[in-house]
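Asks: Before we start, here is the structure in question, set down as structure tokens.
The values are calculated or read from the model by the stated rules, or taken from the named source; none is laboratory data. Only a predicted model underlies this, so the values are computations on that prediction, with no experimental measurement involved. Cβ coordinates were reconstructed from backbone atoms using ideal geometry, including for glycine residues, and neighbour counts include every protein chain displayed. Only protein heavy atoms, including side chains, enter the accessible area calculation; ligands, DNA and RNA are left aside. Shrake-Rupley method; radii C 1.70, N 1.55, O 1.52, S 1.80 Å.
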Amino acid sequence: MQKLEIDITIAGRNVSLQLRGKERMKGVTIGDALAYRFYDGEYQGMPLLFAEPKGPVASPRNLALTADKISVSMGLPVVYLLPSAPAYQRQRLIDRDVYFVVSAKYAHLPMLVANERIRHKKAAKVLSPVAQYLLLYHLQVETLEGLSANDVKDKLPYSYASITLGMTCLEDLGLCEKVADGPKRKQLHFHRRGIELWKQAKPVLANPVEQKVYCDGLDTEDVFPVCGINALAHYTRLNPDPERMVMMEARRFRSLRAAKAMQNPNDYDGNIVIEVWKYPPVTGCGETPLWVDKLSLALSLQEDADARVESEVEQLINKMEWKD
């Protein structure tokens with residue numbers, strides 16, 4: 001029987017990993033699903049997807065190809081859990097920018113790379129969840145123009161290392177540039193503003209919804225932002241659906257599921273529709289939003305086939321009050 005949770009050690013720090021269920025592995029090939037066990041974890045405030053080989057470890061080249069493919073599908077950095085790796089193999093993995101943890105002795109992770117100012121150039125194809133959060137915050141909450149990672153770390157629900165990587169992702173995709181302001185400080189500069197920046201970013205923006213789950217009740221007093229059609233109804237003239245629709249961060253969803261706080265959870269029907277999101281609500285520091293942000297909402301509904309929804313989403317964007 002597979003363990004639902006395991007503990008590993010990274011740089012002397014204990015990290016708990018939760019087994020990721022098959023229902024949350026959409027986009028991963030059958031071959032990869034059979035070859036690895038996948039776990040969700042977090043290190044230094046950054047969400048990571050850990051992959052543990054079930055059999056022999058593939059070559060560094062194949063590990064790099066697999067990590068790139070899965071990272072694009074899941075929107076998370078992939079970190080391999082390796083039982084052992086001699087020095088020459090670890091160096092080959094580092095040269096290919098493959099993230100890994102080997103027992104409790106060695107680790108090559110995104111935030112460690114950022115802290116050591118080592119970066120092997122890898123072209124991003126879509127925005128990471130952190131990078132997307134940064135962009136949507138800039139467009140809707142307050143401008144990040146001229147600010148550094150250190151300037152914004154107290155405004156956002158991410159660590160300094162995660163924000164640094166998010167800014168790099170934005171730069172890699174041509175949405176901004178990091179301009180030197182002194183020997184140690186780099187600040188953000190966006191070449192476009194408002195709806196023009198939004199249009200430029202659209203091809204690399206991801207649907208924030210990782211998973212959709214239905215249930216008949218929630219045994220918690222937590223307040224969750226309204227999402228989906230009901231959030232669109234709040235912002236526009238559309239009529240709401242009768243079901244309750246709520247957004248949860250993946251970590252909070254996993255904790256409620258582990259506590260059995262959802263009544264009759266399933267993938268098909270229920271009084272409550274839960275959207276599990278890849279990033280937290282885009283809002284000001286310390287605020288508890290009642291509704292998901294407009295731009296993330298638009299992204300979550302972009303594949304809805306209803307012409308009325310498409311029309312209202314278009315009007316929602318056209319009436320946006322851009323904050324950048």
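Asks: Can you give me the number of residues within the stretch 236-267 that are touching an Asp or Glu at 6+ places or on another chain (Cβ under 8 Å) and part of a helix (DSSP H, G or I)?
Replies: Residues in the stretch 236-267 being touching an Asp or Glu at 6+ places or on another chain (Cβ under 8 Å) and part of a helix (DSSP H, G or I): 4 in total.
Asks: Which condition number in (1) exposed (fewer than 13 other Cβ atoms within 10 Å of the Cβ); (2) touching a strand residue (DSSP E or B) at 6+ places or on another chain (Cβ under 7 Å) is the one that P56 fails?
Replies: Failing condition for P56: (2).
Asks: Inside the stretch 209-232, can you point out the residues that are under 19 Å from S255 (Cβ atoms) and either buried (at least 17 other Cβ atoms within 10 Å of the Cβ) or of a type in the set (S, T, N, Q) (or both)?
Replies: V209, E210, Q211, V213, Y214, C215, L218, T220, F224, P225, C227
Asks: Output the residues belonging to the stretch 82-107 that are modelled with pLDDT of 85 or more and open to solvent by less than 20 Å² (accessible area, probe 1.4 Å).
Replies: Matches in the stretch 82-107: L82, A85, L93, V98, F100, V101, V102.
Asks: Then there's this: Which one of the conditions (1) over 17 Å from the mean Cα position of the chain (by Cα); (2) surrounded by fewer than 19 Cβ atoms within 10 Å (Cβ to Cβ) does L144 fail to meet, given that it meets all the rest?
Replies: That leaves (2) as the condition not met.
Asks: Pairs, please: C-beta under 7 Å, at least 6 apart or cross-chain, first residue free of Cβ contacts under 8 Å to residues at least 24 places away in the same chain and at negative phi and in the stretch 230-251, second open to solvent by 70 Å² or more (accessible area, probe 1.4 Å) and in a loop (DSSP other than H, G, I, E, B)?
Replies: N230/P240; A233/N239; A233/P240
Asks: Can you tell me which residue within the stretch 185-208, out of those that are small (G, A, S) and on the phi < 0 side of the Ramachandran plot, is least open to solvent (accessible area, probe 1.4 Å)?
Replies: Restricting attention to the stretch 185-208, the residues satisfying the condition of being small (G, A, S) are 194, 201, 206.
Filter once more, keeping what is on the phi < 0 side of the Ramachandran plot: 201, 206.
Values: A201: 0, A206: 26 Å².
By that ranking, first place goes to A201.
Asks: Identify the residue in the stretch 154-205 that is in a loop (DSSP other than H, G, I, E, B), at pLDDT below 95 and under 16 Å from the mean Cα position of the chain (by Cα) and, among all such residues, is farthest from E42 (Cα to Cα).
Replies: In this case the residue turns out to be L156.
Asks: Go through the stretch 233-257 residue by residue and tally those that are open to solvent by 30 Å² or more (accessible area, probe 1.4 Å) and under 18 Å from the mean Cα position of the chain (by Cα).
Replies: Number satisfying all stated conditions: 5.
Asks: Spot the failing condition for L295; the list is (1) in a helix (DSSP H, G or I); (2) out of contact with any Phe, Trp or Tyr (no Cβ under 8 Å at 6 or more places or on another chain); (3) surrounded by 17 or more Cβ atoms within 10 Å (Cβ to Cβ); (4) touching a residue at least 12 places away in the same chain (Cβ under 8 Å), and only one is missed.
Replies: (2)
Asks: State all residues of the stretch 298-314 that are outside any helix (DSSP H, G or I), surrounded by fewer than 19 Cβ atoms within 10 Å (Cβ to Cβ) and hydrophobic (A, V, I, L, M, F, W, C); if no residue qualifies, say none.
Replies: If the condition is that a residue be outside any helix (DSSP H, G or I), surrounded by fewer than 19 Cβ atoms within 10 Å (Cβ to Cβ) and hydrophobic (A, V, I, L, M, F, W, C), then A305 is the only one that fits.
Asks: Just wondering, is there one or more residues in the stretch 222-231 that are part of a loop (DSSP other than H, G, I, E, B), over 21 Å from T283 (Cβ atoms) and either modelled with pLDDT of 90 or more or among the aromatic types (F, W, Y) (or both)?
Replies: Keep residues of the stretch 222-231 that are part of a loop (DSSP other than H, G, I, E, B), which gives 222-225, 227.
Next, only the ones that are over 21 Å from T283 (Cβ atoms) stay: none.
No: zero hits.
Asks: Could you please tell me which pairs satisfy a Cβ distance under 7 Å, a separation of 6+ or placement on different chains, a first residue in the stretch 193-215 that is closer than 20 Å to E145 by Cα and in contact (Cβ under 8 Å) with a residue 60 or more places away in the chain, and a second residue that is polar (S, T, N, Q) and surrounded by 14 or more Cβ atoms within 10 Å (Cβ to Cβ)?
Replies: L205/Q132
Asks: Then there's this: Kindly indicate which of L81, L49, L76, L65 is under 24 Å from the mean Cα position of the chain (by Cα), over 20 Å from R24 (Cβ atoms) and hydrophobic (A, V, I, L, M, F, W, C). Give the steps one after another, and end with the answer.
Replies: Details: L81 fails: over 20 Å from R24 (Cβ atoms); L49 fails: over 20 Å from R24 (Cβ atoms); L76 fails: over 20 Å from R24 (Cβ atoms).
Answer to the check: L65.
Asks: Among the residues of the stretch 109-126, is any more than 30 Å from A85 (Cβ to Cβ) and at pLDDT below 95? Please lay out each step first, then the result.
Replies: Of all residues in the stretch 109-126, those more than 30 Å from A85 (Cβ to Cβ) come to none.
Checked the stretch 109-126: no residue is more than 30 Å from A85 (Cβ to Cβ) and at pLDDT below 95.
Asks: For the stretch 87-103, indicate whether the set of residues that are more than 21 Å from V28 (Cβ to Cβ) and either in contact (Cβ under 8 Å) with a residue 40 or more places away in the chain or touching a Ser or Thr at 6+ places or on another chain (Cβ under 8 Å) (or both) is non-empty.
Replies: Taking the stretch 87-103 as the starting set, the residues that turn out to be more than 21 Å from V28 (Cβ to Cβ) are 87-92, 94-95, 102-103.
If we keep only those that are either in contact (Cβ under 8 Å) with a residue 40 or more places away in the chain or touching a Ser or Thr at 6+ places or on another chain (Cβ under 8 Å) (or both) as well, we get 102-103.
Yes, there is a match, as at least one residue in the stretch 87-103 is more than 21 Å from V28 (Cβ to Cβ) and either in contact (Cβ under 8 Å) with a residue 40 or more places away in the chain or touching a Ser or Thr at 6+ places or on another chain (Cβ under 8 Å) (or both).
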